[in-house]
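Have a look at the structure below, then the notes.
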Amino acid sequence: MVVAVIVGTRPQNIKLYSLVKMLERGNVDFYIVHTGQHYDYGLDRMFFEELGLPEPRVYLGVGSGTHGYQVATIVLRLEKYFIGEKPSLVIVPGDTNSALGGALASVKLGIPVAHVEAGLRSRLPFMAEEVNRVLIDHMSDILFAPTIYAYENLLREGVDVSKVFLTGDVMVDNIVMLRNEIERVQNEFSDLEYAYVTIHRAENTDNPARLKGIFEGLRVIAESFDLKIVFPMHPRTRIRARKYGLEKILSHKNIHVLEPVSYLKSLRLQKDSKIVITDSGGVQKEAFVFKKPTITLRETTEWVETVEYGWNILTNPVKKDIVKAVQEAMEAKPINVDPYELYGGGKASLRILRIIKEYIS
(Lines give C-alpha, C1' and ligand atoms only; values in the text may rest on other atoms or scores of the structure.)
Protein backbone atom coordinates (compact mmCIF):
# COMPACT_ATOMS: atom_id res chain seq x y z
CA MET A 1 0.00 0.00 0.00
CA VAL A 2 1.65 3.21 -1.22
CA VAL A 3 0.54 6.79 -0.55
CA ALA A 4 1.38 9.71 -2.87
CA VAL A 5 1.50 13.28 -1.55
CA ILE A 6 1.02 16.11 -4.07
CA VAL A 7 2.82 19.43 -3.55
CA GLY A 8 4.05 22.22 -5.78
CA THR A 9 3.85 25.55 -3.95
CA ARG A 10 5.39 27.23 -0.93
CA PRO A 11 2.33 26.78 1.34
CA GLN A 12 2.06 23.11 0.38
CA ASN A 13 5.74 22.52 1.09
CA ILE A 14 5.19 24.00 4.55
CA LYS A 15 2.14 21.79 5.22
CA LEU A 16 4.25 18.81 4.16
CA TYR A 17 6.57 18.96 7.18
CA SER A 18 4.37 17.58 9.97
CA LEU A 19 2.60 15.21 7.55
CA VAL A 20 5.89 13.70 6.41
CA LYS A 21 7.15 13.33 9.97
CA MET A 22 4.01 11.43 10.95
CA LEU A 23 4.00 9.24 7.83
CA GLU A 24 7.63 8.34 8.55
CA ARG A 25 6.84 7.70 12.21
CA GLY A 26 3.92 5.46 11.22
CA ASN A 27 6.05 3.48 8.74
CA VAL A 28 3.72 4.41 5.88
CA ASP A 29 5.19 3.78 2.43
CA PHE A 30 4.84 7.14 0.67
CA TYR A 31 6.41 9.35 -1.93
CA ILE A 32 6.15 13.00 -2.94
CA VAL A 33 5.01 14.33 -6.31
CA HIS A 34 6.14 17.91 -7.02
CA THR A 35 4.18 19.71 -9.75
CA GLY A 36 6.67 22.55 -10.18
CA GLN A 37 3.98 25.23 -9.84
CA HIS A 38 6.48 27.20 -7.73
CA TYR A 39 10.07 26.84 -8.88
CA ASP A 40 12.01 29.86 -7.55
CA TYR A 41 14.57 28.81 -4.94
CA GLY A 42 13.07 31.17 -2.35
CA LEU A 43 9.57 29.72 -2.81
CA ASP A 44 10.45 26.06 -3.16
CA ARG A 45 13.88 24.46 -2.77
CA MET A 46 14.73 26.58 0.26
CA PHE A 47 11.96 24.88 2.25
CA PHE A 48 12.99 21.33 1.35
CA GLU A 49 16.55 22.08 2.45
CA GLU A 50 15.62 23.93 5.63
CA LEU A 51 13.05 21.38 6.82
CA GLY A 52 14.92 18.27 5.70
CA LEU A 53 12.02 17.09 3.54
CA PRO A 54 12.46 13.96 1.40
CA GLU A 55 13.29 14.48 -2.26
CA PRO A 56 10.22 14.23 -4.49
CA ARG A 57 10.13 11.06 -6.54
CA VAL A 58 8.34 12.81 -9.40
CA TYR A 59 8.77 16.33 -10.85
CA LEU A 60 6.04 17.36 -13.27
CA GLY A 61 7.75 20.63 -14.28
CA VAL A 62 4.52 22.56 -14.83
CA GLY A 63 5.91 26.04 -14.16
CA SER A 64 3.92 29.25 -14.39
CA GLY A 65 0.90 29.87 -16.59
CA THR A 66 -2.83 30.42 -16.48
CA HIS A 67 -5.01 28.49 -14.04
CA GLY A 68 -6.34 26.34 -16.88
CA TYR A 69 -2.88 25.59 -18.22
CA GLN A 70 -1.49 24.61 -14.83
CA VAL A 71 -4.40 22.37 -13.83
CA ALA A 72 -4.65 20.70 -17.25
CA THR A 73 -0.90 20.07 -17.48
CA ILE A 74 -0.81 18.58 -13.99
CA VAL A 75 -3.71 16.26 -14.84
CA LEU A 76 -2.10 15.09 -18.10
CA ARG A 77 1.37 14.50 -16.65
CA LEU A 78 0.21 13.00 -13.37
CA GLU A 79 -2.27 10.70 -15.10
CA LYS A 80 0.55 9.32 -17.24
CA TYR A 81 2.65 8.60 -14.15
CA PHE A 82 -0.19 7.12 -12.09
CA ILE A 83 -1.22 4.77 -14.91
CA GLY A 84 2.22 3.19 -14.62
CA GLU A 85 2.46 3.33 -10.83
CA LYS A 86 -0.93 3.60 -9.16
CA PRO A 87 -0.88 4.57 -5.45
CA SER A 88 -3.44 3.33 -2.92
CA LEU A 89 -4.24 6.88 -1.76
CA VAL A 90 -3.36 10.41 -2.85
CA ILE A 91 -3.04 13.20 -0.25
CA VAL A 92 -3.59 16.76 -1.48
CA PRO A 93 -2.86 19.56 1.03
CA GLY A 94 -4.36 23.01 0.59
CA ASP A 95 -6.17 24.83 -2.19
CA THR A 96 -3.67 25.45 -4.98
CA ASN A 97 -3.84 24.50 -8.64
CA SER A 98 -1.43 21.70 -7.75
CA ALA A 99 -3.93 20.33 -5.24
CA LEU A 100 -6.82 20.55 -7.70
CA GLY A 101 -4.85 18.99 -10.55
CA GLY A 102 -3.66 16.20 -8.27
CA ALA A 103 -7.19 15.48 -7.06
CA LEU A 104 -8.65 15.48 -10.60
CA ALA A 105 -6.00 13.15 -12.00
CA SER A 106 -6.53 10.75 -9.10
CA VAL A 107 -10.33 10.71 -9.22
CA LYS A 108 -10.35 10.06 -12.98
CA LEU A 109 -8.20 6.97 -12.36
CA GLY A 110 -10.30 5.75 -9.45
CA ILE A 111 -7.64 6.54 -6.85
CA PRO A 112 -9.01 7.68 -3.45
CA VAL A 113 -8.18 11.27 -2.47
CA ALA A 114 -7.57 12.68 1.03
CA HIS A 115 -7.83 16.47 1.37
CA VAL A 116 -5.85 18.22 4.11
CA GLU A 117 -7.40 21.60 5.07
CA ALA A 118 -10.86 20.59 3.87
CA GLY A 119 -13.93 22.75 4.44
CA LEU A 120 -12.32 26.17 4.57
CA ARG A 121 -14.53 28.82 2.98
CA SER A 122 -13.92 32.52 2.35
CA ARG A 123 -17.39 33.04 0.77
CA LEU A 124 -15.79 34.61 -2.32
CA PRO A 125 -17.10 32.35 -5.11
CA PHE A 126 -14.73 33.61 -7.81
CA MET A 127 -11.57 33.54 -5.69
CA ALA A 128 -9.23 30.99 -7.31
CA GLU A 129 -8.48 29.19 -4.05
CA GLU A 130 -12.17 29.07 -3.12
CA VAL A 131 -13.06 27.40 -6.42
CA ASN A 132 -10.26 24.88 -5.87
CA ARG A 133 -11.31 24.14 -2.28
CA VAL A 134 -14.93 23.43 -3.15
CA LEU A 135 -14.06 21.21 -6.11
CA ILE A 136 -11.44 19.24 -4.18
CA ASP A 137 -13.73 18.74 -1.19
CA HIS A 138 -16.56 17.38 -3.30
CA MET A 139 -14.37 14.83 -5.08
CA SER A 140 -12.44 13.65 -2.01
CA ASP A 141 -12.94 10.37 -0.15
CA ILE A 142 -11.41 11.58 3.14
CA LEU A 143 -11.69 15.18 4.32
CA PHE A 144 -9.49 16.48 7.14
CA ALA A 145 -11.09 19.65 8.55
CA PRO A 146 -8.72 21.92 10.51
CA THR A 147 -11.43 23.73 12.52
CA ILE A 148 -14.98 23.21 13.72
CA TYR A 149 -16.08 25.91 11.26
CA ALA A 150 -14.56 23.97 8.36
CA TYR A 151 -16.14 20.73 9.60
CA GLU A 152 -19.59 22.33 9.79
CA ASN A 153 -19.18 23.88 6.32
CA LEU A 154 -18.73 20.43 4.82
CA LEU A 155 -21.78 19.01 6.54
CA ARG A 156 -23.88 21.99 5.41
CA GLU A 157 -22.78 21.32 1.84
CA GLY A 158 -24.02 17.75 2.05
CA VAL A 159 -20.71 15.92 2.33
CA ASP A 160 -21.19 12.46 3.86
CA VAL A 161 -20.34 12.77 7.56
CA SER A 162 -18.51 9.43 7.45
CA LYS A 163 -15.89 11.04 5.18
CA VAL A 164 -15.26 14.12 7.35
CA PHE A 165 -12.80 14.24 10.27
CA LEU A 166 -12.09 17.17 12.60
CA THR A 167 -8.34 16.85 12.99
CA GLY A 168 -6.93 20.30 13.73
CA ASP A 169 -4.37 22.14 11.63
CA VAL A 170 -1.05 20.71 10.43
CA MET A 171 0.62 24.14 10.23
CA VAL A 172 0.08 24.59 13.96
CA ASP A 173 1.66 21.15 14.41
CA ASN A 174 4.68 22.58 12.60
CA ILE A 175 5.01 25.43 15.08
CA VAL A 176 4.83 22.99 17.99
CA MET A 177 7.32 20.55 16.44
CA LEU A 178 9.75 23.30 15.36
CA ARG A 179 9.56 25.44 18.49
CA ASN A 180 13.26 25.02 19.36
CA GLU A 181 14.38 25.60 15.78
CA ILE A 182 12.37 28.82 15.62
CA GLU A 183 14.07 30.11 18.77
CA ARG A 184 17.50 29.44 17.28
CA VAL A 185 16.85 31.57 14.19
CA GLN A 186 18.67 34.90 14.30
CA ASN A 187 16.46 38.00 14.05
CA GLU A 188 18.42 41.14 13.27
CA PHE A 189 15.30 43.21 14.05
CA SER A 190 14.64 41.75 17.50
CA ASP A 191 15.53 45.01 19.28
CA LEU A 192 13.00 46.98 17.22
CA GLU A 193 9.24 47.35 17.36
CA TYR A 194 8.08 46.47 13.88
CA ALA A 195 5.21 45.38 11.68
CA TYR A 196 5.86 42.17 9.78
CA VAL A 197 4.45 42.47 6.25
CA THR A 198 3.73 39.94 3.50
CA ILE A 199 1.90 40.75 0.24
CA HIS A 200 1.58 38.26 -2.61
CA ARG A 201 -2.02 37.78 -3.76
CA ALA A 202 -2.67 38.46 -7.44
CA GLU A 203 -5.66 40.71 -6.73
CA ASN A 204 -3.34 43.00 -4.74
CA THR A 205 -0.14 42.77 -6.78
CA ASP A 206 -1.59 42.75 -10.30
CA ASN A 207 -3.68 45.89 -9.76
CA PRO A 208 -1.42 48.99 -9.92
CA ALA A 209 -3.82 51.19 -7.93
CA ARG A 210 -4.21 48.58 -5.19
CA LEU A 211 -0.50 47.91 -4.87
CA LYS A 212 0.20 51.64 -4.77
CA GLY A 213 -2.40 52.06 -2.01
CA ILE A 214 -0.81 49.29 0.03
CA PHE A 215 2.68 50.74 -0.36
CA GLU A 216 1.43 54.23 0.52
CA GLY A 217 -0.25 52.83 3.62
CA LEU A 218 3.01 51.20 4.69
CA ARG A 219 4.84 54.49 4.09
CA VAL A 220 2.41 56.39 6.35
CA ILE A 221 2.83 53.75 9.07
CA ALA A 222 6.61 54.06 8.82
CA GLU A 223 6.40 57.86 9.07
CA SER A 224 3.61 58.30 11.64
CA PHE A 225 3.74 55.31 14.00
CA ASP A 226 6.56 54.28 16.28
CA LEU A 227 7.00 51.18 14.13
CA LYS A 228 9.49 49.89 11.62
CA ILE A 229 8.32 47.87 8.62
CA VAL A 230 9.95 44.48 7.93
CA PHE A 231 8.79 43.35 4.50
CA PRO A 232 10.17 40.19 2.83
CA MET A 233 8.97 40.83 -0.70
CA HIS A 234 7.48 38.03 -2.79
CA PRO A 235 9.00 37.76 -6.31
CA ARG A 236 5.61 38.52 -7.90
CA THR A 237 5.25 41.66 -5.77
CA ARG A 238 8.78 42.84 -6.58
CA ILE A 239 8.28 42.37 -10.32
CA ARG A 240 4.98 44.27 -10.26
CA ALA A 241 6.38 47.08 -8.09
CA ARG A 242 9.20 47.57 -10.57
CA LYS A 243 6.82 47.41 -13.54
CA TYR A 244 4.45 50.00 -12.05
CA GLY A 245 7.26 52.28 -10.84
CA LEU A 246 6.26 51.96 -7.16
CA GLU A 247 9.59 51.02 -5.57
CA LYS A 248 10.42 54.56 -4.42
CA ILE A 249 7.34 54.67 -2.18
CA LEU A 250 9.05 52.15 0.12
CA SER A 251 12.32 54.08 0.18
CA HIS A 252 12.30 55.15 3.84
CA LYS A 253 14.68 54.61 6.75
CA ASN A 254 11.99 52.78 8.74
CA ILE A 255 11.09 50.35 5.94
CA HIS A 256 13.24 47.24 5.52
CA VAL A 257 12.47 45.43 2.26
CA LEU A 258 14.03 41.94 2.26
CA GLU A 259 14.43 39.08 -0.17
CA PRO A 260 12.04 36.16 0.50
CA VAL A 261 12.88 34.55 3.84
CA SER A 262 12.85 30.91 4.87
CA TYR A 263 9.92 29.36 6.70
CA LEU A 264 11.64 29.34 10.09
CA LYS A 265 12.82 32.93 9.61
CA SER A 266 9.26 33.98 8.73
CA LEU A 267 7.94 32.38 11.91
CA ARG A 268 10.65 34.04 14.02
CA LEU A 269 9.96 37.45 12.46
CA GLN A 270 6.24 37.04 13.19
CA LYS A 271 6.87 35.85 16.73
CA ASP A 272 8.99 38.92 17.53
CA SER A 273 6.79 41.47 15.75
CA LYS A 274 4.43 44.04 17.22
CA ILE A 275 1.75 43.53 14.55
CA VAL A 276 1.38 41.64 11.27
CA ILE A 277 0.07 43.01 7.96
CA THR A 278 -0.66 40.38 5.31
CA ASP A 279 -2.90 39.05 2.57
CA SER A 280 -1.85 35.44 3.22
CA GLY A 281 -4.17 32.83 4.70
CA GLY A 282 -1.32 30.96 6.37
CA VAL A 283 0.31 34.04 7.87
CA GLN A 284 -3.02 35.18 9.39
CA LYS A 285 -3.22 31.89 11.22
CA GLU A 286 0.43 31.82 12.28
CA ALA A 287 0.14 35.35 13.65
CA PHE A 288 -2.96 34.29 15.59
CA VAL A 289 -1.06 31.36 17.09
CA PHE A 290 1.67 33.79 18.18
CA LYS A 291 -1.05 36.16 19.47
CA LYS A 292 -0.04 39.04 17.24
CA PRO A 293 -2.66 41.63 16.20
CA THR A 294 -3.10 41.24 12.46
CA ILE A 295 -4.39 43.37 9.59
CA THR A 296 -5.48 41.27 6.63
CA LEU A 297 -5.81 43.07 3.29
CA ARG A 298 -8.82 41.09 2.14
CA GLU A 299 -12.62 41.32 2.25
CA THR A 300 -13.09 37.96 3.94
CA THR A 301 -11.05 35.16 5.46
CA GLU A 302 -11.35 31.40 5.58
CA TRP A 303 -9.84 31.51 9.08
CA VAL A 304 -12.92 33.10 10.62
CA GLU A 305 -11.88 32.39 14.21
CA THR A 306 -9.02 34.88 13.90
CA VAL A 307 -11.60 37.65 13.37
CA GLU A 308 -14.17 36.25 15.79
CA TYR A 309 -11.72 36.40 18.69
CA GLY A 310 -10.55 39.91 17.79
CA TRP A 311 -7.00 39.13 16.67
CA ASN A 312 -7.49 39.85 12.97
CA ILE A 313 -8.91 42.98 11.30
CA LEU A 314 -10.02 42.69 7.67
CA THR A 315 -9.55 45.86 5.66
CA ASN A 316 -9.52 47.24 2.14
CA PRO A 317 -6.07 47.54 0.53
CA VAL A 318 -6.15 51.35 0.41
CA LYS A 319 -3.97 53.80 2.31
CA LYS A 320 -6.48 55.36 4.71
CA ASP A 321 -8.11 52.03 5.60
CA ILE A 322 -4.78 50.34 6.26
CA VAL A 323 -3.63 53.17 8.53
CA LYS A 324 -6.96 53.13 10.38
CA ALA A 325 -6.76 49.34 10.83
CA VAL A 326 -3.24 49.57 12.24
CA GLN A 327 -4.41 52.14 14.78
CA GLU A 328 -7.32 49.88 15.76
CA ALA A 329 -5.05 46.85 16.03
CA MET A 330 -2.61 48.70 18.30
CA GLU A 331 -5.48 49.64 20.63
CA ALA A 332 -7.48 46.40 20.42
CA LYS A 333 -8.16 44.09 23.35
CA PRO A 334 -8.72 40.69 21.74
CA ILE A 335 -10.17 37.69 23.56
CA ASN A 336 -7.55 35.65 25.40
CA VAL A 337 -8.13 32.29 23.70
CA ASP A 338 -5.67 29.38 23.34
CA PRO A 339 -5.04 29.10 19.56
CA TYR A 340 -3.12 25.83 19.96
CA GLU A 341 -6.14 24.06 21.41
CA LEU A 342 -8.42 25.69 18.84
CA TYR A 343 -6.34 24.13 16.06
CA GLY A 344 -6.03 20.65 17.52
CA GLY A 345 -3.40 20.96 20.23
CA GLY A 346 -0.48 20.17 17.92
CA LYS A 347 -1.81 16.66 17.17
CA ALA A 348 -3.53 17.14 13.81
CA SER A 349 -0.93 15.18 11.84
CA LEU A 350 -1.10 12.31 14.35
CA ARG A 351 -4.88 12.12 13.91
CA ILE A 352 -4.45 12.21 10.13
CA LEU A 353 -1.88 9.40 10.31
CA ARG A 354 -4.23 7.15 12.28
CA ILE A 355 -7.10 7.72 9.84
CA ILE A 356 -4.90 7.10 6.80
CA LYS A 357 -3.43 3.89 8.24
CA GLU A 358 -6.89 2.56 8.99
CA TYR A 359 -8.10 3.50 5.50
CA ILE A 360 -5.29 1.90 3.51
CA SER A 361 -5.26 -1.25 5.64
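The values are calculated or read from the model by the stated rules, or taken from the named source; none is laboratory data. The shown structure was predicted, so the numbers you read here are calculated from the model rather than taken from an experiment. Note that we place each Cβ from the backbone using ideal geometry, even for glycine, and neighbour counts take in every protein chain shown.
Listed conditions (1) in contact with a Gly (Cβ under 6 Å, 6 or more places away or on another chain); (2) assigned by TED's automatic domain parsing to the domain that holds GLU247; (3) not small (Gly, Ala, Ser) are all met by LEU353, apart from (2).
Selection within the stretch 135-151: residues that are over 17 Å from the mean Cα position of the chain (by Cα) and outside any helix (DSSP H, G or I). The member of this set that is nearest to TYR340 (Cα to Cα) is LEU143. What pairs can you find where one residue is in the stretch 255-272 and more than 14 Å from GLU181 (Cα to Cα), the other is acidic (Asp, Glu) and part of a strand (DSSP E or B), and their Cβ atoms are less than 9 Å apart, with a gap of 6+ or different chains? Pairs found: none.
Within the stretch 231-249, the residues that satisfy the criterion of being closer than 20 Å to LEU269 by Cβ and out of contact with any helix residue (DSSP H, G or I) (no Cβ under 6 Å at 6 or more places or on another chain) are PHE231, PRO232, MET233, HIS234, PRO235, ARG238. Considering the stretch 280-291, and only residues there that are surrounded by 21 or more Cβ atoms within 10 Å (Cβ to Cβ) and either touching a strand residue (DSSP E or B) at 6+ places or on another chain (Cβ under 7 Å) or charged (D, E, K, R) (or both), the residue that is modelled with the lowest pLDDT turns out to be SER280. Please work out if GLY310 is assigned to a loop (DSSP other than H, G, I, E, B) and in contact (Cβ under 8 Å) with a residue 60 or more places away in the chain. No: the conditions fail for GLY310. Checked against the criterion of being hydroxyl-bearing (Ser, Thr, Tyr) and touching a helix residue (DSSP H, G or I) at 6+ places or on another chain (Cβ under 6 Å), the stretch 281-300 contains one or more residues that satisfy it.
The condition of being out of contact with any strand residue (DSSP E or B) (no Cβ under 6 Å at 6 or more places or on another chain) and over 28 Å from PHE48 (Cα atoms) holds for only one of GLU247, GLU181, GLU259, that being GLU247. Restricting attention to the stretch 202-219, which residues are loosely packed, with under 15 Cβ neighbours inside 10 Å and either more than 21 Å from THR66 (Cα to Cα) or of a type in the set (D, E, K, R) (or both)? Result: ASP206, ALA209. The condition of being touching a residue at least 12 places away in the same chain (Cβ under 8 Å), part of a loop (DSSP other than H, G, I, E, B) and of a type in the set (S, T, N, Q) holds for only one of GLN37, GLN70, GLN12, that being GLN37.
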